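What follows is a short report on a single structure.
The values are calculated or read from the model by the stated rules, or taken from the named source; none is laboratory data. Predicted, not measured: the structure shown is a model, and the values here were computed from it. Cβ placement follows ideal geometry from the backbone for every residue including glycine, while neighbour counts extend to all protein chains displayed. Only protein heavy atoms, including side chains, enter the accessible area calculation; ligands, DNA and RNA are left aside. Shrake-Rupley method; radii C 1.70, N 1.55, O 1.52, S 1.80 Å.
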Amino acid sequence: MFIDPTAPQDKPETAQMLVIHKVLRREFALLPKLVAAVAAGDVRQAKRIAEHASLMLMFLHHHHDSEDRLLWPAMLARAPMDASTVAKAEKQHEVVAALTDTVQATVDRWKLTASESTREELVGGLHQLYGALVEHLDDEEAEILPLVHEHVTVAEWDATTRDAAENMPKNPKIGLLMAGLVLEDATEAERVWFLHELPPPVRLVWRAVGQRMYNRHMQLVRQAR
């Protein structure tokens, strides 16, 4: 199923990637503010924010890992004339991955004591990560996605998006939180598409308990924003 039913069915619908990018832009813009709002020594709230930060860092890792292993090779095989554009995206992934590792290590230290010094270090690291991430997302949307639409097959595109989802931890709570992240700012067309892509049992669980669980999670995480 496509977000836009009038889109050509023999081409990848790259608008699906923009739905994921929307989540990354929103959450990584918010994270430095959420961390900065935690009072020194408030380990309980620091742990909540740290768990949410780790969730987003994992989300980002799997999203990029699938592109590294599946999308870039497909593009290089089908559009070798654009190898320099792909190489640029690969380099940006390396920069983002290094910053992600550094931020996760700081998150792990901060959640134990909620110290002021570690909090400030984490805020700085998150700002740096956000800057690198947005630069990459902007370039990917402007330079990579048009090439994907022209040169990558629907099967190759679907394999990349499916791989990212399948490599997430098989934890029902994490799965429902991920769904909530995507659906929070989704348009109606994006919402219909995303829910259609979920297995029927997951859709039922989302409607029964997932939305309320996600709302509660975000209420706790964003309470001091």
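Applied to the range 162-174, the Karplus parametrisation 6.51 cos²θ - 1.76 cosθ + 1.60 on θ = phi - 60° returns per-residue 3J(HN,Hα) values of 5, 4, 4, 5, 6, 8, 5, x, 7, 10, x, 4, 4 Hz, with x for Gly and Pro. Across the chain, C-alpha contacts under 8 Å between residues 6 or more apart give a mean separation that, scaled by the residue count, equals a relative contact order of 36 percent.
Distance between the modelled labels on residue 158 and residue 220, one decimal in nanometres: 3.8 nm (7 Å Cα→Cβ projection). For the chain, the solvent-accessible area with a 1.4 angstrom probe is 48 square angstrom per residue.
Overall dimensions of the chain, expressed as equivalent-ellipsoid semi-axes from the Cα gyration tensor (√(5λ), whole Å, largest first), are 31, 23, 13. Atom-type composition of the exposed protein surface of the chain places 58 percent of the accessible area on carbon and sulfur (1.4 angstrom probe).
Mind pulling the angle between the C-alpha long axis of helix 188-197 and the longest principal axis of the chain? Nearest 10 degrees, somewhere in 0 to 90. So the inclination is approximately 80 degrees. Taking 0.36 nm per residue of sequence separation and removing the Cα-Cα distance, the residue 117/residue 91 pair yields an extension gain of 6.3 nm. For the range 30-96, the calculated P(r), taken from all Cα-Cα distances in 10 Å bins from zero up to the bin holding the longest distance, is 18, 33, 21, 17, 9, 1 percent.
Shape class of the range 147-225 from the alpha-carbon gyration tensor: prolate, with a/c at 1.5 or above and a/b greater than b/c.
What is the sum of charges around residue 62, taking Lys and Arg as +1, Asp and Glu as -1, for the other residues whose C-beta is under 15 Å from the C-beta of residue 62?
Around residue 62, the surrounding residues sum to -4.
What you get for the range 185-225, charging only the Cβ of Lys and Arg (+1) and of Asp and Glu (-1), is a dipole of about 300 debye around the Cα centre.
Of the residues 164, 146, 112, the one whose Cα sits farthest towards the positive end of the charge dipole of the range 84-182 is 112 (charges of +1 on Lys and Arg Cβ, -1 on Asp and Glu Cβ, taken about the Cα centre). Fully extending the segment from residue 36 to residue 211, taken as 0.36 nm per residue of separation minus the present Cα-Cα distance, adds 60.3 nm.
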